[in-house]
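The values are calculated or read from the model by the stated rules, or taken from the named source; none is laboratory data. A quick note: this is a predicted structure, and the numbers were derived from the prediction, not measured. Please note: Cβ atoms are built from the backbone with ideal geometry, for glycine as well, and neighbour counts cover all protein chains shown.
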Amino acid sequence: MHDGWLGVLDALGILLVVLLVLLAGMVVSLVLRRRAISRAGATFELSHRVRDQRPGHGWVLGVGRYTGESLEWFRIFSLDPRPKRVWNRDEIAYEARRSPEGPEEGSLYDGHVVVVCRTPGGEVELAMSESSLMGFQSWLESGPPGTNWDAKPLR
């Protein structure tokens, strides 16, 4: 009987060690992924509301990266090295900003504001810090030499 309990405790100990190794591997993978993403350009905290059926819900934490004419969004908790969403500069327009409301306050990073944008596919909600919002607005307003501002339908 005593040997049976020792076997159970040994099995639980081995299971705990395996789980800790898997968790550590996941954390290392996420850190390495973030570094790989930021190697191609500076990143910033950027959340995206992927579902809007319920007010205040549907937010997913992530990071944003500008790559020339596009803004790329990567989920924080993902091992995929590719962006989950990409918005081209000439297809996204800043509409408004607001403070997080209700459940959003607990879902988003502290100090972030909700930014409402218009795209050809409909409204998009992003959340970012005040300083990132200033950078986002500057990126939207800037353009490469020879940009035809009259041809941009969303401006």
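Here are a few things to note about the model shown:
- Every residue from region 46-66 that is part of a strand (DSSP E or B), under 13 Å from Glu125 (Cα atoms) and among the basic types (Lys, Arg): Arg49
- All positions within region 87-102 that are surrounded by 13 or more Cβ atoms within 10 Å (Cβ to Cβ) and either in contact with a Ser or Thr (Cβ under 7 Å, 6 or more places away or on another chain) or over 21 Å from Val116 (Cβ atoms) (or both): Trp87, Arg89, Glu91, Ile92
- Looking only at residues in region 103-115 that are at pLDDT 95 or above and farther than 14 Å from Leu71 by Cβ, the one that is surrounded by the fewest Cβ atoms within 10 Å (Cβ to Cβ) is Val113.
- The number of residues in region 113-129 being touching a residue at least 60 places away in the same chain (Cβ under 8 Å) and polar (S, T, N, Q) comes to 1.
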